[in-house]
1. Taking 8 Å as the Cα distance limit and 6 or more residues as the minimum spacing, I'd like the relative contact order of the chain as a percentage.
2. Total Lys pairs in the chain closer than 20 Å by alpha-carbon, pairs eight or more apart in sequence or interchain only?
3. Over the C-alpha atoms of region 169-285, what are the Rg and the largest Cα-to-Cα span, Dmax, in Å?
4. Can you tell me the alpha carbon radius of gyration of the chain divided by the globular rule-of-thumb value 2.2 N^0.38 Å?
5. Hey, what number do you get for the chain at 222 nm if only DSSP H runs of n ≥ 4 count, each worth -39500 (n - 2.57), divided across all residues, to the nearest 500?
6. Label point 7 Å out from Lys214 along Cα-to-Cβ: which residues of region 168-203 have amide N under 19 Å?
7. Would you work out the Kirkwood radius for region 1-142? I mean one over the mean of 1/r across all pairs of different Cα atoms, in Å.
8. Please name whichever of Phe17, Val237, Tyr119 sits farthest to the positive end of the charge dipole of the chain, dipole taken about the Cα centre and charges placed at Cβ: Lys and Arg +1, Asp and Glu -1.
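All of the numbers you see were taken from the coordinates with simple rules; none came from a lab. Keep in mind it's a predicted model, so treat the numbers as computed, not measured. When we count neighbours, we look across all protein chains shown, and the Cβ atoms used for this are built from the backbone with ideal geometry, even at glycine.
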Amino acid sequence: MIDSIALIGFGEAARAFAAGAGWRARAIAFDIKTLQPGAREAMERAYLAAGVRAAPSAREALSGADVVLSLVTADQALASAKADARHLIPGALWFDMNSVAPDTKRAAAAVIEEAGARYVDVAVMSPVFPARTGVPLLVSGPHAEAGLAALSAAGFSKARVVPGQVGAASAIKMIRSVMIKGMEALSAECLAAADRADVVDEVVASLGGDWPAKLDYNLDRMLVHGTRRAAEMDEVVKTLESLGVAARMARGAAAWQRAAGALDAGALEGLTAKLKALAEASGLKEQP
């Protein structure tokens, strides 16, 4: 039985997990946006909707927590570990569920382990909605088995250990993202060009199968989550380069994801609306 679960970062994934597992009073959350006047009220509503306790600081969230889920943005994963390690209780399990390069996770692991806690590399392998705590998770590192037991106790039903040290799980996620996020970026590039040439219907029809739905979905993911996905793709570039692989496609995908996310278009209905958003962004009319 897990007495206390701390959530560091309370974005889409943390909210999905907390609401889906029904942790309620067992969970306490902190997100740095709580300290921003313009975002505080929205964050407080999110805590309330998920039924978790709101902490005024990371220190208070981590005080006494035996399980910690780190769910910040990719560019803040290491910084969060460095800032928060000193607040962890001895033996606490720090689950780094962020989409970052193996080297980034190993650097974070060193900080957490030095503080006397236990670091677990976790890769979230599909969108958190609608699966919530049924999302597939890969777990690696020296504390993987203990981590798996804790995740199961917390309600995660599809976690499994992959062989290897810290970085093994994240390597799978990062390399997979070359394809998944790359296909999204290719969708944007293909459709932006088709739109400029006024041949969208013909191009989409020529792809056959369920491509109309796929393209619509891919653009939606970019417009809603592009900024976060671009940060992930930056980590993918680091992963590939550390392996001696040229990251040509990954760099391009990062650029497209970042440009789409910068539109701040949110969820738009239908391919036509999404194409209009792309067309109105001058940066997307140029080769990234």
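1. The normalised contact order for the chain reaches 14 percent.
2. Eligible lysine pairs with Cα atoms under 20 Å apart amount to 16.
3. Considering region 169-285 through its Cα atoms, Rg and Dmax are 14.2, 43 Å.
4. Output field value: 1.04.
5. -17000 deg cm²/dmol
6. Residues passing the 19 Å test: 176-195, 200-203.
7. On the way: mean 1/r = 0.0669 Å⁻¹.
About 14.9 Å, per the Kirkwood formula over Cα pairs.
8. Tyr119
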